[in-house]
Amino acid sequence: MANNFGRILSSKRNVGILSLIGAGSLTAGFLLNREHVTAGAQARRVYPASAEYPDLRKHNNCMASHLTPAIYAKLVDKATPNGYSLDQAIQTGVDNPGHPFIKTVGMVAGDEESYEVFADLLDPVIKERHNGYDPQIMTHPTDLDSSKLTSGNFDERYVLSSRVRTGRSIRGLSLPPACTRAERREVERVVVDALAGLKGDLAGTYYSLTHMTDQEQQQLIDDHFLFDKPVSPLLTCSGMARDWPDARGIWHNNTKTFLIWINEEDHTRVISMEKGGNMKRVFDRFCTGLKEVERLIQEKGWEFMWNERLGYILTCPSNLGTGLRAGVHVNLPKLSKDPRFTKILDNLRLQKRGTGGVDTAAVGSTFDISNLDRLGQSEVQLVQTVVDGVNYLIDCEKKLEKGQDIKIPPPFKK
Amino acid sequence: MPFGNTHNNFKLNFKVEEEYPDLTKHNNHMAKVLTKDMYAKLRDKQTPSGFTLDDVIQTGVDNPGHPFIMTVGCVAGDEESYEVFKDLLDPIISDRHSGYKPTDKHKTDLNFENLKGGDDLDPNYVLSSRVRTGRSIKGYTLPPHNSRGERRAVERLSVEALNTLDGEFKGKYYPLNKMSDAEQEQLIADHFLFDKPVSPLLLGAGMARDWPDARGIWHNDAKSFLVWVNEEDHLRVISMEKGGNMKEVFRRFCVGLKRIEETFKKHNHGFMWNEHLGYVLTCPSNLGTGLRGGVHVKLPKLSTHPKFEEILTRLRLQKRGTGGVDTASVGGVFDISNADRLGSSEVDQVQMVVDGVKLMVEMEKKLEKGEAIDGMIPAQK
């Protein structure tokens, strides 16, 4: 935690925060104030921890699996410097007991410091969710050098579209579950300001959800770009939909291949996509765009939340590390009916979703196939996994078309 | 939210302009009243338990409202909210409750003997009669704000109090998280079971947190007196029966409430009440009596008469569908109840329902015979 504060105090980001405050005497005191509102300064605690401990007996999520009464008692009186508490972090998991087959995460972070202050709970949750990755001893590799990607062009008789997404958080501002209206508006200002500096094939326009015209809205719906107020109780119970649609919006480049969501589940969601199977070009644009946006915010004294323990810091622990989901819409009529399909996907470290995204069903035999992992491998490694995996799936499909047999690949080794 | 005020203190580092919500597209009482200056004045305040202005208004910010239906747009987190945020809540209360002034006094009258008539509503038209109110337990914060520990304490105390009831009130408590399937089926069949709120008006205020922890339903053996624990308020108390004997329903309501109150007082946790606002509840719309007395009544002809709405307004009554608030009527059967809550007593309000429904049934009968009802239309009450 001391490390993060050191970086904040030394960066030019101070300029941004000072302009936000305005008033004289508060200015000098702001950063000091943050230190004074320390962990452990809970205003009201009438009942002992044992009386407050949630009833998790019918729950099936990562938070419920790891939140023992002892850990709860240890952490319940702590707060991050902004005042975010354990009860807030776990509320979504308490309110959503989960599903016997689908294990959700069950908690969120309200700010960067949540991952430090509540490490006793978050570390085991991260370890379970990310396949044994231990934040206490491991480091996460970041690699956005897309030139390293090989064989990134798919057979377009099978792959209909290619897409890579991730998220980025602006260091120094609270995350969507906890952010104040002022902070959320500042995220919007910082990001929109940076995006206005993009040039060439990345140049684009911002559409604020509050000020969008009906025509713009319709166009964005037709393009499948428009995001709406979250309805999933997993999201709404964490408080991230407060004040909707204030300071929310969508930016996209003129060629509609690079798209950024502002203040939905994360500060930003960055998406590169196009029809067809040219994953290489999609990933190139993804990396170039991300690096360019990062350069532009750094010019103004801001930076992304990142550390070598957890990689890129996002709201949901499931999106730590790369926060990356690279995927395709691919037609696999024969393979999808083969009983070995699931096992093949598992061994390739891939997951299937319907073409509407998470929690939707496939239409016909077109699936959304993407990487399972987020943390512990780099962006290049994960996209390569998708490329190799999807090529293997297409190969299986072709074999089945010719009446040949297919093999389940050996389990993936990093 | 029960998390202390450290987060609100952090917000004070930002300018008022930066934090003031965008209410330009909003249509609720809170949005009409909360100017930027008022926001500036109240934003650093908190009640002793740490409930802040943003906590009060969040539901109204998240739910811009409807051009035709004016919602309240704010809630109280504890008894003190009505004091600390007076500058905001007094004008809202005045708007919502027909000009009720900050200096006005509210009359409480739970003497059922003061009700005239009410035992002779025609059961051919009046299918059922019901009176409900809410009660908050002094010393505990309210559902938008309470912690799990507090909510459980409210449940414990309430169940203890309810279990002392005997005679016609003897009954049993069914906690939501321990209900058997058979019990659940029965409660649904009886139309007693309440479910986790789905309305974003309620969810936006944080009152559904930790569902179904410490929520439950208590009812007497005769199934005519029912208490909801920890739904939108600490307690919702309901007296009901089939047919038109509102007098009996009201008697049981008053007697039962008094018995429950005595038990709570013995534990030094009486009900939240003061002589200005009457009974203090989560939503400012339920202050005063918190009472909704109503009937399900068949008015197929009257309900299609062009003067139906005006008649209701003059009688100080409101109509709802038979599913309750925000539902439509089925087969000409309406839920008719008092519109007022604050500024008139329980007896006054139930009297208006009794007299008004009696008159409307007479009108319905006239319309059935093809006769005009113009001479029967009342003056504004």
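Taking segment A:141-153 as the region of interest, how many residues are out of contact with any Lys or Arg (no Cβ under 8 Å at 6 or more places or on another chain) and open to solvent by less than 10 Å² (accessible area, probe 1.4 Å)? Within segment A:141-153, residues that are out of contact with any Lys or Arg (no Cβ under 8 Å at 6 or more places or on another chain) and open to solvent by less than 10 Å² (accessible area, probe 1.4 Å) number 0. Considering only segment A:295-318, I want to know if a residue exists there that is open to solvent by less than 10 Å² (accessible area, probe 1.4 Å) and under 25 Å from A:ASN391 (Cα atoms). Looking for residues that are open to solvent by less than 10 Å² (accessible area, probe 1.4 Å) and under 25 Å from A:ASN391 (Cα atoms), one finds none in segment A:295-318, hence no.
Only a single item in (1) small (Gly, Ala, Ser); (2) farther than 29 Å from A:THR80 by Cα; (3) in contact with a Leu (Cβ under 8 Å, 6 or more places away or on another chain) is not met by A:SER146, and it is number (3). Exactly one residue among B:GLY321, B:GLY331 is open to solvent by less than 20 Å² (accessible area, probe 1.4 Å) and not charged (D, E, K, R), and that residue is B:GLY321. For segment B:199-212, indicate whether the set of residues that are modelled with pLDDT of 95 or more and either outside the structural domain of B:LEU257 (by the TED database) or of a type in the set (D, E, K, R) (or both) is non-empty. Yes: segment B:199-212 contains one or more residues that are modelled with pLDDT of 95 or more and either outside the structural domain of B:LEU257 (by the TED database) or of a type in the set (D, E, K, R) (or both). Are any of the residues in segment B:83-92 in a loop (DSSP other than H, G, I, E, B) and either open to solvent by 20 Å² or more (accessible area, probe 1.4 Å) or not assigned by the TED database to the domain that holds B:LYS358 (or both)? Yes, that holds for at least one residue. From the list A:ILE394, A:ILE369, A:ILE344, the one residue that fits, being more than 30 Å from A:GLU183 (Cα to Cα), touching a Pro at 6+ places or on another chain (Cβ under 9 Å) and open to solvent by less than 10 Å² (accessible area, probe 1.4 Å), is A:ILE344.
Being in contact with a Ser or Thr (Cβ under 9 Å, 6 or more places away or on another chain), within 13 Å of another protein chain (Cβ to nearest Cβ) and at pLDDT below 95 is a property that holds for A:LYS78.
Answer yes if at least one residue in segment A:241-254 is in a loop (DSSP other than H, G, I, E, B) and more than 11 Å from chain B (Cβ to nearest Cβ), and no otherwise. The answer is yes; a qualifying residue exists. Taking the condition within 28 Å of the chain's Cα centre (by Cα), surrounded by fewer than 22 Cβ atoms within 10 Å (Cβ to Cβ) and at pLDDT 95 or above, does B:PRO48 pass? It is false that B:PRO48 is within 28 Å of the chain's Cα centre (by Cα), surrounded by fewer than 22 Cβ atoms within 10 Å (Cβ to Cβ) and at pLDDT 95 or above.
In the set (1) part of a loop (DSSP other than H, G, I, E, B); (2) modelled with pLDDT under 95; (3) within 25 Å of B:GLY243 (Cβ to Cβ), the condition left unmet by B:GLY139 is number (3).
Here is a yes/no grid of residues against (1) closer than 30 Å to B:ARG259 by Cβ; (2) touching a helix residue (DSSP H, G or I) at 6+ places or on another chain (Cβ under 7 Å); (3) without any contact (Cβ under 8 Å) to a residue 60 or more places away in the chain:
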| site | (1), (2), (3) |
| --- | --- |
| B:THR47 | no, yes, yes |
| B:LEU53 | no, yes, yes |
| B:VAL56 | no, yes, yes |
| B:GLY73 | no, yes, yes |
| B:VAL84 | no, no, yes |
| B:ILE92 | no, yes, no |
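You will find that of B:VAL159, B:VAL131, B:VAL75, the residue that is under 22 Å from B:GLY204 (Cα atoms), among the aliphatic types (A, V, I, L, M) and either away from every other protein chain (no Cβ under 14 Å) or in a helix (DSSP H, G or I) (or both) is B:VAL75 and no other.
Residue count for segment A:105-120 under the criterion of being crowded, with 22+ Cβ neighbours inside 10 Å and either in contact with a helix residue (DSSP H, G or I) (Cβ under 7 Å, 6 or more places away or on another chain) or assigned to a loop (DSSP other than H, G, I, E, B) (or both): the result is 10. Given the criteria more than 22 Å from the chain's Cα centre (by Cα) and not hydroxyl-bearing (Ser, Thr, Tyr), does A:PRO141 qualify? So A:PRO141 does not fit the description; no. In segment A:54-72, which residue that is out of contact with any Ser or Thr (no Cβ under 7 Å at 6 or more places or on another chain) and not in a loop (DSSP other than H, G, I, E, B) is surrounded by the fewest Cβ atoms within 10 Å (Cβ to Cβ)? This residue is A:ALA70. Exactly one residue out of A:VAL192, A:VAL187 is surrounded by 13 or more Cβ atoms within 10 Å (Cβ to Cβ) and more than 14 Å from every other protein chain (Cβ to nearest Cβ): that is A:VAL192. Scan segment B:213-248 for residues that are open to solvent by 10 Å² or more (accessible area, probe 1.4 Å) and touching a helix residue (DSSP H, G or I) at 6+ places or on another chain (Cβ under 7 Å) and jot them down. B:ASP213, B:ALA222, B:SER224, B:GLU232, B:MET240, B:GLU241 - these are the residues of segment B:213-248 that are open to solvent by 10 Å² or more (accessible area, probe 1.4 Å) and touching a helix residue (DSSP H, G or I) at 6+ places or on another chain (Cβ under 7 Å). Checking B:THR24, B:THR59 one by one, the residue that is open to solvent by less than 20 Å² (accessible area, probe 1.4 Å) and not hydrophobic (A, V, I, L, M, F, W, C) is B:THR59 and no other.
A single member of B:GLY375, B:GLY370 is open to solvent by 40 Å² or more (accessible area, probe 1.4 Å), in a loop (DSSP other than H, G, I, E, B) and either farther than 28 Å from B:GLY288 by Cα or assigned by the TED database to the domain that holds B:ASP120 (or both), and it is B:GLY370. Among (1) open to solvent by less than 10 Å² (accessible area, probe 1.4 Å); (2) modelled with pLDDT under 95, which single condition is A:ASP223 missing? For A:ASP223, the failing item is (1). Restricting attention to segment B:6-32, the residues that are in contact (Cβ under 8 Å) with a residue 60 or more places away in the chain and either within 9 Å of chain A (Cβ to nearest Cβ) or charged (D, E, K, R) (or both) add up to 1.
The values are calculated or read from the model by the stated rules, or taken from the named source; none is laboratory data. The shown structure was predicted, so the numbers you read here are calculated from the model rather than taken from an experiment. FYI the Cβ positions are ideal-geometry reconstructions off the backbone, even for glycines, and counts take in every protein chain you see. Surface accessibility is based on the protein's heavy atoms, side chains included, excluding ligands, DNA and RNA. Shrake-Rupley method; radii C 1.70, N 1.55, O 1.52, S 1.80 Å.
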